[in-house]
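A.B. asks: So that we are looking at the same thing, I have put the structure below in structure tokens.
Just so it is clear, none of the values below were taken in a lab; they were calculated from the coordinates. For clarity, every value in this text was computed on a predicted model and none was experimentally measured. Backbone-built Cβ (ideal geometry, glycine too); neighbour counts: all protein chains shown.
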Amino acid sequence: MKWSERAQEAIKTRRVSVFLRVLSVFFLLGAASHLGSILGIGGTPWVARPLLFRIADSVMLPLNLIMAWGLWRARLWAVITWLACILFLQVVPFLLFTDHFASSPMEERTLYGLLATHASLVSIFLLLLLSLRFKRARGNMITIRPEQPADIAAVRAINEAAFGEPTEAAIVDSLRDKCPDAVSLVAVEDDRILGHIFFSPVSISGGHEVTQGMGLAPMAVLPERQRQGIGSLLARAGIDALRQRGCPFIIVVGHPEYYPRFGFVPASEHNLSCQWDGVPDEAFMVLILDQDIMSGVSGVARYRDEFDQAM
Ligand SMILES: CC(C)(COP(=O)(O)OP(=O)(O)OC[C@H]1O[C@@H](n2cnc3c(N)ncnc32)[C@H](O)[C@@H]1OP(=O)(O)O)[C@@H](O)C(=O)NCCC(=O)NCCS
């Protein structure tokens, strides 16, 4: 995984993204204060304010709004821009040109207060990231590897535990025997299987053409080990393996908040429809791996019959 993907993954963890949302509210308040200044709320008309203030208002109002949005969505570019802005637009200019920023001791104290707030926020952010790093370092290595015959019982148990019913485990059992093209991966820590992901062939029939790809289903992580990044490791490993095999697309029916982080988009954007009625548009998604093969392909994407038989 590239550093940027690892960093994006780290800032999406629950603790960090809650912090980023708090930060996002700060930026919204910042935008409101710049807007108030431009509108002359507080008495001083904007045109009468020092030039530096007017420049700061004009730059910081849109920047704060963009940042508030990026931080709310836990985007890496927002975090990097935030750190850079604080350093280069606030800390450095303020320390170098304090007199230009503050025309009275009161203003100087306010600006020092603002600086201290920003320094605390940066420290909290860095501490959060450091704590994640230590947590990872303490934890054992999780590896992703193809499923082996000795894993079958554990894979069944994980699917039953994660879904709370046997349907998905039964689909995996029946496809494993009948479908040599299926891809079945497990996440292992200290010889213990913690998660499983399964891909099986899917065909899109539109007109006279049939295009073969894969469907992601099911995917399961032991309930007590969910939300620790194991599902993401499995999904990325599976996608990489299928890309290397030359698979042109992967479809999935699942949580619309989860799969877009791997590049999935609503399948309707590519004129693909689901074989089952009642699946919400945003829950039926596709990841295009080969644009050339997929250009002009549309129609109904069908999983293997074992899915219908098990449901
Ligand atoms: C879905 C599942 C495989 C994800 O595995 P995971 O190891 O928990 O996922 P990761 O740790 O990589 O990602 C965690 C993120 O996934 C998302 N997520 C996890 N479960 C989710 C769910 N049920 N609904 C929506 N989003 C979910 C959250 O955004 C979470 O981030 P957060 O902890 O910051 O809130 C796992 O939760 C699971 O086994 N669920 C039960 C079975 C299931 O629903 N399988 C998928 C069928 S589509």
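A.B. asks: Grab the beta carbon distance between Ser295 and Trp69, set R0 = 25 Å, and tell me the FRET efficiency rounded to 0.05.
C.D. replies: The calculated FRET efficiency here is 0.20.
A.B. asks: Against the longest alpha carbon principal axis of the chain, how many degrees, from 0 to 90 and to the nearest 10, is the axis of helix 51-72 turned?
C.D. replies: Taking Cα atoms only, the helix is inclined about 20 degrees.
A.B. asks: Taking the Cα centre of the range 143-310 as the origin and placing charges on Cβ (Lys, Arg +1; Asp, Glu -1), which of Val286, Ser232, Trp276 is farthest toward the positive end of the dipole?
C.D. replies: The listed residue farthest towards the positive side: Ser232.
A.B. asks: Can you compute the charge dipole magnitude of the chain about its Cα centre, using +1 on each Lys and Arg Cβ and -1 on each Asp and Glu Cβ, nothing else charged? Give it in debye, rounded to the nearest 20.
C.D. replies: 1300
A.B. asks: Along the charge dipole of the chain, Cβ charges K/R +1 and D/E -1, which of Leu89, Leu222, Val252 sits furthest on the positive end?
C.D. replies: Going by the charge dipole, the pick is Leu89.
A.B. asks: In Å³ and rounded to a whole number, note down the convex hull volume per residue for the Cα atoms of the chain.
C.D. replies: Dividing the Cα hull volume of the chain by its residues yields 180 Å³.
A.B. asks: Determine the sum of side-chain charges near Leu29: Lys and Arg each +1, Asp and Glu each -1, restricted to other residues whose C-beta is under 15 angstrom from that of Leu29.
C.D. replies: Summing Lys/Arg as +1 and Asp/Glu as -1 gives 0.
A.B. asks: Still on this model: Report relative contact order for the range 1-130 in percent, whole number only (criteria: Cα-Cα under 8 Å, sequence separation at least 6).
C.D. replies: Result for the range 1-130 is 30 percent.
A.B. asks: Determine the dipole magnitude for the range 203-311: charges of +1 sit on the beta-carbon of Lys and Arg, -1 on that of Asp and Glu, nothing else is charged, the reference point is the Cα centre, and the result goes in debye to the nearest 20.
C.D. replies: My answer is approximately 440 debye.
A.B. asks: What is the helix-to-structure angle for 105-138, meaning the angle in degrees between its Cα long axis and the longest Cα principal axis of the chain, kept from 0 to 90 and rounded to the nearest 10?
C.D. replies: With rounding to tens, the tilt is 20 degrees.
A.B. asks: Is it possible to state the helix-based mean residue ellipticity at 222 nm for the chain, with each DSSP H run of 4+ residues giving -39500 (n - 2.57), the sum divided by total residues, to the nearest 500 deg cm²/dmol? What is it?
C.D. replies: -16000 deg cm²/dmol, from helical runs alone.
A.B. asks: Once you put a point 7 Å from the Cα of Leu83 and another 7 Å from the Cα of Val22, both along the Cβ direction, what distance in nm separates them?
C.D. replies: Simple spin-label model gives 1.9 nm for this pair.
A.B. asks: Also, I was wondering about something else. What is the local net charge at Glu168, summed over the other residues whose Cβ is closer than 15 Å to its Cβ (Lys, Arg +1; Asp, Glu -1)?
C.D. replies: Residues near Glu168 contribute -3 overall.
A.B. asks: Under a Cβ-Cβ cut-off of 15 Å, what is the net charge of the residues other than Gly195 that fall near it, where Lys and Arg count +1 and Asp and Glu count -1?
C.D. replies: Cβ neighbours under 15 Å give a net charge of -2.
A.B. asks: Would you mind checking which residues have amide H under 5 Å from Val300's amide H? H placed 1.01 Å from N; only 5 or more apart, or other chain.
C.D. replies: Correct list: Ser205, Ser273.
A.B. asks: Would you please give the FRET efficiency between Ala7 and Thr117, computed as 1/(1 + (r/R0)^6) with r the Cβ-Cβ distance and R0 = 22 Å, to the nearest 0.05?
C.D. replies: The formula returns an efficiency of 0.35 here.
A.B. asks: ³J(HN,Hα) across the range 256-269 via Karplus (A = 6.51, B = -1.76, C = 1.60, θ = phi - 60°), whole Hz, x for Gly/Pro?
C.D. replies: x, 8, 8, 6, x, 5, 9, x, 6, 10, x, 5, 4, 5
A.B. asks: Right, another one. Can you tell me the relative contact order of the chain? Whole percent, Cα pairs under 8 Å, sequence separation 6 or more.
C.D. replies: Dividing the mean separation by the residue count of the chain yields 12 percent.
A.B. asks: Taking the Cα centroid of the range 148-193 and of the range 239-307, what is the distance between the two, rounded to the nearest whole Å?
C.D. replies: Answer, in whole Å: 22.
A.B. asks: Rounded if a/c is under 1.5, else prolate if a/b beats b/c, else oblate: with a ≥ b ≥ c from the C-alpha gyration tensor eigenvalues square-rooted, which is the range 143-310?
C.D. replies: Verdict is prolate for the range 143-310.
A.B. asks: Okay, moving on. Given labels modelled 7 Å from the Cα in the Cβ direction, how far is it in nm from Leu130 to Val47?
C.D. replies: Each label point is offset 7 Å from its Cα along the Cβ direction, giving 5.1 nm.
A.B. asks: Return the FRET efficiency for the residue pair Thr167, Gln244: r is the Cβ-Cβ distance, R0 is 22 Å, and the value is rounded to the nearest 0.05.
C.D. replies: With R0 = 22 Å, the Cβ-Cβ based efficiency is 0.15.
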